[in-house]
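Taking it in order: structure first as structure tokens, then the write-up.
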Amino acid sequence: QVQLVESGGGLVQPGGSLRLSCAASGTIFSYNIMGWYRQAAGKERELVATITSTNINYADSVKGRFTISRDYAKNMVSLQMNGLKPEDTAVYYCYLRTVRGYWGQGTQVTVSS
């Protein structure tokens, strides 16, 4: 039984920044994958970034602009998003993989003038 709760989404102008956070319940180990996916209108859900104690992966589209971090003691994962573009507009979902996968409810990020 796991619950993921996201926060930090909202409306931002192009070039702006947002920080998303996700808090997870339960017993979670550093080797368990946590991260962020996103889904834009009319498109498939795609990986944004994932993190374990030994590895970090980013989608090419966000590399150099987004930074994922994790507080292992608090079972929290964050996504610092800088230089936001309109094409970053999507619902962002927190993800956790233990013996199975878990998803948050999603938080809307809208990049627009």
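The values are calculated or read from the model by the stated rules, or taken from the named source; none is laboratory data. All values reported here derive from a predicted model rather than from experimental measurement. Here Cβ is always computed from backbone atoms with ideal geometry, including for glycine, and neighbour counts include all displayed protein chains. Calculation scope for accessible area: heavy atoms of the full protein, side chains included, ligands and nucleic acids excluded. Shrake-Rupley method; radii C 1.70, N 1.55, O 1.52, S 1.80 Å.
Given a Förster distance of 35 angstrom, what is the FRET efficiency for residue 63 paired with residue 27, based on the Cβ-Cβ distance and rounded to 0.05?
After rounding, the FRET efficiency stands at 0.65.
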For the pair residue 71 and residue 87, how long in nm is the line joining their label points, each one 7 Å along Cα→Cβ? 3.3
What FRET efficiency do you get for residue 99 and residue 56 if R0 is 35 Å and r is their Cβ-Cβ distance, rounded to the nearest 0.05? 0.95
Where the accessible area of the chain is counted over protein heavy atoms with a 1.4 Å probe, how much of it, in %, is carbon and sulfur? 48
Descending semi-axes in Å of segment 1-64, equivalent ellipsoid built from Cα gyration tensor: 23, 16, 13
Under the 0.36 nm per residue contour assumption, what length would be gained going from the current alpha-carbon distance of residue 108 and residue 44 to full extension? 21.5 nm
In segment 11-53, the chymotrypsin sites (Phe, Trp or Tyr not before Pro) that fall in loop regions by DSSP, at most 13 other Cβ within 10 Å: 29, 31
In Å², and per residue, what accessible area does the chain have when probed at 1.4 Å with the other protein chains present? 55
Rounding to the nearest 20 debye, state how big the charge dipole of the chain is about its Cα centre with +1 on each Lys and Arg Cβ and -1 on each Asp and Glu Cβ. 140
Using per-residue counts of other Cβ atoms within 10 Å, averaged over each peptide, order 13-21, 97-105 from highest down. 13-21, 97-105
From the backbone phi of segment 100-113, what are the Karplus-calculated ³J(HN,Hα) couplings (6.51 cos²θ - 1.76 cosθ + 1.60, θ = phi - 60°) in whole Hz, Gly and Pro given as x? 8, x, 10, 10, x, 7, x, 9, 7, 10, 10, 10, 7, 8
What does the charge count around residue 22 come to, taking other residues whose C-beta lies under 15 Å from its C-beta (Lys +1, Arg +1, Asp -1, Glu -1)? +3
